[in-house]
Amino acid sequence: MSRFLILLPAPEAEWAELPPEEHEKGMRSHEQFHRDLAAGQHEIVAAGPLEPSAHAVSMRPGENGGKALVTEGPFTECVEQIVGFYLVDSDDGPGLRRICEEFAGRGEHIEFRQMV
C-alpha cells in the first residue's frame with residue numbers, strides 16, 4: 001500500500017469572494033470525490049480544510065544553530081495558498097490519479113504527490 005498527499009492550493013482572497021452557489025458547487029465536488037475514492041477502494045487517512053494562511057506560524061532555523069526564528073503568517077508570499085489536503089492510502093496509484101484528474105476537471109486545483 002502506498003500513501004499519497006493531495007494538496008489543494010487556491011487563491012484565498014478570490015475564494016473568499018465567491019458567491020455561496022460556488023461554495024456549494026465545491027462541496028458537491030468534494031462529496032463526489034469521497035464517493036469516487038470509496039468506490040476505488042482508496043482510503044482517506046486524514047483530510048480537511050486549513051485555516052487561512054494569515055493564521056499560519058512560520059518557523060525557520062535561527063542563526064548559527066540558535067533558537068528558531070518564529071514569524072506570524074505564511075512561509076512564503078504567493079497568490080495561491082494550500083487551503084486543504086487529503087492523505088490517502090491506495091494500492092492503485094494510477095487509479096487514484098485518474099480520480100484526482102476527474103476532481104480537478106470539476107474545478108479543483110490539485111497537487112498530487114506520492115509519499116516516499
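None of the figures in this text is laboratory data; all of them are computed from the coordinates on show. None of the values given here were measured: they were computed from a predicted structure. Positions of Cβ are backbone-derived with ideal geometry, glycine not excepted, and every protein chain shown enters the neighbour counts.
When shorter helices are ignored and each DSSP H run of at least 4 residues is given -39500 (n - 2.57), the per-residue value for the chain at 222 nm works out to -10500 deg cm²/dmol. Residues in the range 48-56 carry Karplus couplings, in order, of x, x, 10, 4, x, 4, 4, 8, 5 Hz; the curve used is 6.51 cos²θ - 1.76 cosθ + 1.60 with θ = phi - 60°, and Gly or Pro positions show x. Using every pair of separate Cα atoms, the Kirkwood estimate puts the hydrodynamic radius of the chain at 15.9 angstrom. Placing +1 on the Cβ of every Lys and Arg and -1 on the Cβ of every Asp and Glu, with no other charges, gives the chain a dipole of roughly 400 debye about its Cα centre. Ranking 30, 82, 4 by how far each Cα lies toward the positive end of the dipole of the chain (charges on Cβ) leaves 4 at the top.
Charge tally for residue 57 (other residues, Cβ to Cβ under 13 Å; Lys, Arg +1; Asp, Glu -1): -1. If the segment from residue 116 to residue 104 were pulled out straight at 0.36 nm per residue, it would be longer than the present Cα-Cα gap by 2.0 nm. Taking the inverse of the mean 1/r over every pair of distinct Cα atoms in the range 1-46 gives a Kirkwood hydrodynamic radius of 12.6 Å.
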